[in-house]
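Input: a single structure, listed below in structure tokens.
The values are calculated or read from the model by the stated rules, or taken from the named source; none is laboratory data. Computed from a predicted model, the values in this text were never measured in an experiment. SASA here: full protein model, heavy atoms, side chains in, ligands and nucleic acids out. Shrake-Rupley method; radii C 1.70, N 1.55, O 1.52, S 1.80 Å.
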Amino acid sequence: MDLWENIYLAVSGLLANKMRAILTMLGIIIGIAAVIAIMTLGNSVTNSVTNTMAEMGGNNIVVQLSLKEDVDTFVMTEDDLISDEMLEQMREVYADDILAVSVDENIGSGSVKDGRKYANVSIYGVNDGYQLVNNVKMLTGRYINATDQEKASNVAVVSNKTSRAIFGTEFGALGQEVKIYRGDEILAYTVVGIYEYEENPMMAMMMGMQAEADRPTDLYIPISTCQRLTNSDMGYNYVTIMTNSNVDSISFADTLWGFFETFYRKNPTFTVYVMSMQSVVEQMTTIMGTMQLAIAVIAGISLLVGGIGVMNIMLVSITERTREIGTRKALGATNSSIRMQFIVEAVIICLIGGAIGIVLGVAGGIYGASLLGTPAAPSVGSVIFAVLFSMGIGIFFGYYPANKAAKMDPIEALRYE
């Protein structure tokens, strides 16, 4: 009996006992669907996180103040902060390696209002390097520049969402004065530029059920204006540095640590911590991949249960077809032919269950990704794995029943009732 005849017999047997076949496949279907859905959802979230962090700057390096060991209490002074003089010296020493330096300070949130119209904003004091380092895409006008910083000008850059909410059009705010209500304060700034607002899916998820219209967008003012407003010290807790594309940001982070350490070596309270965003992305990808694999392995336990179910139903099938096996052997069928017949039947059961599981798993993964607001990323590798694993389960759990059938004594089998 050739392979196609075995496949035909297997399919005919499944069609003759549809309910039993479906129940037999159920464990395989659930296991494959769970694994593929988890892999799809995991890939989607991983891609979204890594893309977001890459957009924040794959070549970026963050330098921030850090308490030295054994320091419990402290009072931060202006001498402890990262100064403009340090940054200027750094740019001179590493002029060929550094593309831009960004500093910023968040002074809280407020609402831009005009009568009954409003738009919630988060107010950031920034320098001219912030735009490049943080990939702020301008639509019209200009960004905060060095002159704005020097003069501590009352100018602002707002999002097109804010402009649309207050002035009715994306570019309507340009050149207009906006009033920001921040507690009991009213701050007035002239809009010199409008940037494109892009909602971060992960941030939207963290915002939960907050209405999209009420979610705040960033509003940028010169950092010197911000420091004058808050009476804060002239210096920074942290800075972000963008390297040139040909620079290894991970190794350059170590170089920058050595540079800043010369300033903080004698500081009794603070040192600096230097972190490359590229290393963070790699660590995040590794962690999420490990978690994804662990969850998929747990889900895969149901595949083992499904395989046991296949073995059980094959044993029942062999018992029911004992006389058929005896007749075939009496007519000259070899042990290998009988064994192949039942292995093929087990593999067909697992492949059909696997195919259904693949469809349900991909659909479930895409639906889950849509709920999280991330682009779906079905894993081709997991689909191939599912097909091969289904065949493996069929062969592994089908071999024992098939071998038992092949070794039956034809006389005893013909006598069986």
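Quick notes on this structure:
- Gain on full stretching of the segment that runs from THR230 to LEU372 - 0.36 nm per residue minus C-alpha separation: 47.4 nm
- Heavy atoms of TYR195 accessible to a 1.4 Å probe, total area in Å² rounded to 10: 10 Å²
- For LEU41, the accessible area of its heavy atoms, probed at 1.4 Å with every protein chain present, is near 60 square angstrom.
- The alpha carbon gyration tensor of segment 1-160 gives principal lengths a ≥ b ≥ c with a/c of 1.5 or higher and a/b greater than b/c, which makes the shape prolate.
- Axis angle, to the nearest 10 degrees, between helix 249-264 and the longest C-alpha principal axis of the chain: 40 degrees.
- Mean separation of Cα contacts under 8 Å, 6 or more apart, over the residue count of segment 274-401: relative contact order %: 37 percent
- The long axis of helix 18-57 is offset from the longest Cα principal axis of the chain by roughly 20 degrees.
- When nucleic acids and ligands are ignored and a 1.4 Å probe is applied, LEU99 ends up with an accessible area of around 80 Å².
- Cα-based radius of gyration for segment 217-293, normalised by 2.2 N^0.38 Å, reads 1.50.
- Heavy-atom accessible area order for GLU88, GLU196, largest first, 1.4 Å probe: GLU88, GLU196
- Dividing the mean sequence gap of close Cα pairs (under 8 Å, 6+ apart) by how many residues the chain holds gives a relative contact order of 31 percent.
- Exposure rank, largest accessible area first [ILE395, ILE180; 1.4 Å]: ILE395, ILE180
- Full-extension gain in nm, LEU293 to SER109, via 0.36 nm per residue minus C-alpha separation: 62.2 nm
- Global size of segment 238-356 as Cα Rg and Dmax, reported in angstrom: 31.5, 95
- Radius of gyration over Kirkwood radius for the chain, both on Cα atoms: the Rg/Rh ratio is 1.23.
- Per residue, the convex hull spanned by the Cα atoms of segment 307-396 amounts to 92 cubic angstrom.
- For the chain: accessible area per residue (Å², 1.4 Å): 52 Å²
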